[in-house]
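What follows draws every value from the coordinates through simple rules; no lab data is involved. Everything quoted here is computed from the prediction, not taken from an experiment. All Cβ positions, glycine included, derive from the backbone under ideal geometry; neighbour counts span all protein chains shown.
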Amino acid sequence: MTAAISAGAAILAGLASVAAALLALGLVALSPMGPGGRAGPRLRVAAAVLVAGAWAVALCDLVFGLAPARWELPFLLAGVRPELALDAVSGFFLVALLPVGVAGLAAGAAPGGVAVLLAGVVLAVLAGEGATLALGVALAAGAAALRLRDAAAGRWPMAWVGWLAVPALAMVLAVPGGDLRFAALRINPPDGAVAAAMLGLVLAGGGAVAGLVPWHGWLGRVAGRAEGGLLAAALVTGLGVYLLVRVGFDLAGPGEAWWGVPLMLAGAAGAMRGAARAAQAGRLDAVLAGAAVAQAGLVALALGIALAARAVDDGPTATMALSAALFGVLAFGWTQALWAVVAGAVAEGAGSLELSLLGGLAQRMRLTTIGALAGGLALAVLPPGAGFAALWLMAQAAVTLPRGGGADWWALALLALAALAVAGGLLGFAVARVLGVAFLGRPRAPRAAAADEVAPALRWVMLVLSAAVLGCGLLPVAVLTLAAPAVRFLAGPVGQGVRLAGTGWDGAAPLGLALLLALAGALVAAVVRARSPAGHRVAPAWDGGQGPAPAWLPFGDPATQIGAVGFAQPLADGLGKLAGTPRLGLPGISRRAARLVARGRALGEPARVGAVLLAMLLLYLVGAW
């Protein structure tokens, strides 16, 4: 036991050192006097090595089941002694989120903003008290604002989301009596109105960061308008889900059954809204941004089911829903990283992310197409993909939810199942539209007809991510085994005695199903080839039965193949409002908010950041007092 504790403490110290090194490296790269030119790739390689090493040690912590570790830092932060902690939940989220950062650095993203963002994520996940958690969220939000800035309009929409979330989280953790340490909150969890306020504030702050609360349409508008934007959005979305898990499950106590209802409603709305946006978007990055919101909504829906089931001592349903949520965190995070790399390869090789300017990429970018197929299988929640595994577990948890008793539980279960069905169907449609329009058919522009495959280094990143995403779907029990310690930690006493390994997969064999599907496909291909007449015809993949294009019309007639808009036109009328971002309906509130925003912009970005940091300091001092 002593050896396990010392090993856990060593891993925690190593992870903290990685966060400090990433922060220093990022600040050096972002400073005006920082190195440039030839030093940029070296900094990127150094950051990638640091993040990969942190992922490896976090994975070792999960695999070997080391004891939780705590470490108090020898200085004060706003009157509070910072504390770092490593447990099953923080270790699992590091394993799920750090590969996204490695993919971004390997794909060529600028090391400065990505390094600071990763340092903030690691610091927030390892935080053992409220001040360190808020500082990590502030670093991550500020770095994401740098990465996601809309250069055309000169705005910082993500900064407002991050700065709104940080004070909300600070108030959440200051409410229960001034002691911001997580260990103290676990011993004396809040109750009554204090607990309800804590739940509401964390849903507002964490939900805004994860894209679930539609106060700001930051993810859909700006995630793809900057280099590395999708990867940064994937990291910030995962951080928002972590805040929901840490505060809502770990620090708020067992709670009441109704606590899960707001989270279920927010998750269902976010899943359907994001999926509808992905099904109608005209750019590849906008499709992926909507899919990220939908995936975060699915995870939040599963967390809401687990929160309600835990409150009524329904151990099997709670552990099933928690397993589904954590499986989704890892599988969806890796899928978003794969699609971000694919989108970067398409932008570099084909010169655009507009679906109406693509087409026929499968003929010129074969490895990128393999990555798109692997990511599409996971995103479309089709078996045996990783998305289907997560959705299958969520559906089983929703079916068993009515064991809480009463017609209201049946209504919640039906709502959850309907949201899963709608979101899954729309995501499948979105993937079919992207693959059919962008990768199949004929090129719609000369640049797409001359698309080039990406550099060899990026090809290896794409292939490794494709294998990892496919492995999540083919070997779900392995992922559930990694998540089992975190599930036990979050389920608490109701999870005692519930079998976790292989939860929800009794009698199912995804790997065997994949082999049967591959065998069936090979048999069909052999029969078609055997019965085909002699000779062959050269034609693009899935061209609707057209023959080869004439020499005087090399790209074919655009009117003969369906485009990006026409593919989604049947959904535009019915789902247009669902995909939009709701606005505040009270004119007085809207006018006051507009005046506040105008005054904030007039102050300038440094003044706004300083004001928010001052407000955070005051909140910490009030909480400590």
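Which whole-Hz couplings ³J(HN,Hα) result when phi for each residue of segment 511-528 is put into the Karplus expression 6.51 cos²θ - 1.76 cosθ + 1.60, θ = phi - 60°, listed in order with x for Gly and Pro? 3J(HN,Hα) across segment 511-528, in whole Hz: 5, x, 4, 5, 5, 5, 5, 5, 5, 4, x, 5, 5, 5, 4, 5, 5, 5.
Please arrange 137, 437 by counting, for each residue, the other beta carbons lying within 10 Å of its beta carbon, fewest first. Please list the in-between numbers first.
Values: 137 30, 437 25.
Fewest-to-most ranking of 137, 437: 437, 137.
Enclosing the Cα atoms of segment 258-330 in their convex hull gives a volume equal to 59 cubic angstrom per residue.
Here the residues 186, 447, 531, ranked from fewest to most Cβ neighbours within 10 Å of their Cβ, fall in the order 531, 186, 447. Measuring r between the beta carbons of residue 28 and residue 531 and using R0 = 56 Å, the FRET efficiency lands at 0.30. Rounded to whole numbers, the Karplus 3J(HN,Hα) couplings from phi for segment 430-437 are 4, 5, 4, 5, 5, 5, x, 7 Hz, using 6.51 cos²θ - 1.76 cosθ + 1.60 with θ = phi - 60°, and x at Gly and Pro.
Of the residues 132, 319, 481, the one with the fewest other Cβ atoms within 10 Å heads the list, and the complete ranking is 481, 132, 319. Amide H of residue 67: which non-local residues (sequence gap of 5 or more, or other chain) have their own amide H closer than 5 Å, using H built in the peptide plane? Counting only residues 5 or more places away or on other chains, the set is 5, 8.
With viscosity 0.692 mPa s and temperature 37 °C, the Kirkwood radius over alpha carbon pairs of segment 254-496 converts through Stokes-Einstein to a diffusion coefficient of 179 µm²/s. Less than 5 angstrom separates the built amide H of residue 129 from those of 83, 182, all sequence-distant by 5 or more or on a different chain.
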